[in-house]
Amino acid sequence: MTLKSSARGASIVWHGGVAARGARMVAAEVPVALVFDGGTEAVMMATPADFEDFALGFSLNDGIVASRDEIRELAIVQVKDGVELRATLSVRNREALVTRRRHRAGPVGCGLCGVESIEEAVRPLPRVSSELDVTPGDIVAAMQALAPLQVLNRETHAVHAAALFVPGEGIVAVREDVGRHNALDKLAGALARLGRKAGDGVILMTSRVSVELVQKAARMGAPVMAAISAPTSLALREAEAAGITLVGVVRDDGLEVFTHTERVRAETHAR
């Protein structure tokens, strides 16, 4: 059976006190196990699409590999209740992965896979340095341009998107998923496969910004992250420390810049 990203769900629709049979397209959600050298690192509930991007992006953002070349093979295997993404790593990574898995204390939370302590959950991030600057109008226009590219969300109205906007080019990649963390991992994988760098532009998110999204952005080398909702306090603290410009509450008429505000410059108007 081929997995699809959406399915038809039957419903009873109430309008004006009157009930009628209805149906709508709903987003698919399945357990996806990320398996490295025969051991399961994480099981995520995800949209069954862009599996290769997901495996690669998760591996990069979680520090399992440092480059695409360190994944020698990837098998996408449909099992009884979900999907296994079975990656074979280069020989030099195996011992470190086994040690990491042995030290893992137990179940992990959404977006923070394989950590065993509070200290590891908020470990220091790589510092992002960039000469990139953008205008508020650039970011607003980019977010407006993203909506028509969200194919699955137009169908289901229930998934998040992560995208990379590059000034002078526009949006160069978009990935969608029921999980915002998954969408960002898929974007990271897509960019790696395309040979593109997050440092060239602005990561766009159709969600709030919590700390794990900032952590992933830092590991991707993204200087600017912009979202339609507001960030959390820990996301702000980590973005400030990592050198990331965090922009939130992006609307058609404006936005809010919370950290490293120097990268968002005033519009220049011809006289």
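The values are calculated or read from the model by the stated rules, or taken from the named source; none is laboratory data. Note that this is a predicted model, so its numbers are computed, not measured. Every residue, glycine as well, gets a Cβ built from its backbone with ideal geometry; the counts of neighbours run over all protein chains shown.
Taking the criterion of being buried (at least 24 other Cβ atoms within 10 Å of the Cβ) and in a loop (DSSP other than H, G, I, E, B), the residues of region 201-222 that qualify are Gly201, Ala222.
The number of residues in region 223-267 that are among the small types (Gly, Ala, Ser) and not in a helix (DSSP H, G or I) comes to 8.
With respect to Ala270, determine if the residue is hydrophobic (A, V, I, L, M, F, W, C), modelled with pLDDT of 95 or more, assigned to a loop (DSSP other than H, G, I, E, B) and not assigned by TED's automatic domain parsing to the domain that holds Gly63. For Ala270, the condition - hydrophobic (A, V, I, L, M, F, W, C), modelled with pLDDT of 95 or more, assigned to a loop (DSSP other than H, G, I, E, B) and not assigned by TED's automatic domain parsing to the domain that holds Gly63 - is not met. Is it the case that some residue within region 184-200 is crowded, with 21+ Cβ neighbours inside 10 Å, in contact with a Phe, Trp or Tyr (Cβ under 9 Å, 6 or more places away or on another chain) and acidic (Asp, Glu)? Checked region 184-200: at least one residue is crowded, with 21+ Cβ neighbours inside 10 Å, in contact with a Phe, Trp or Tyr (Cβ under 9 Å, 6 or more places away or on another chain) and acidic (Asp, Glu).
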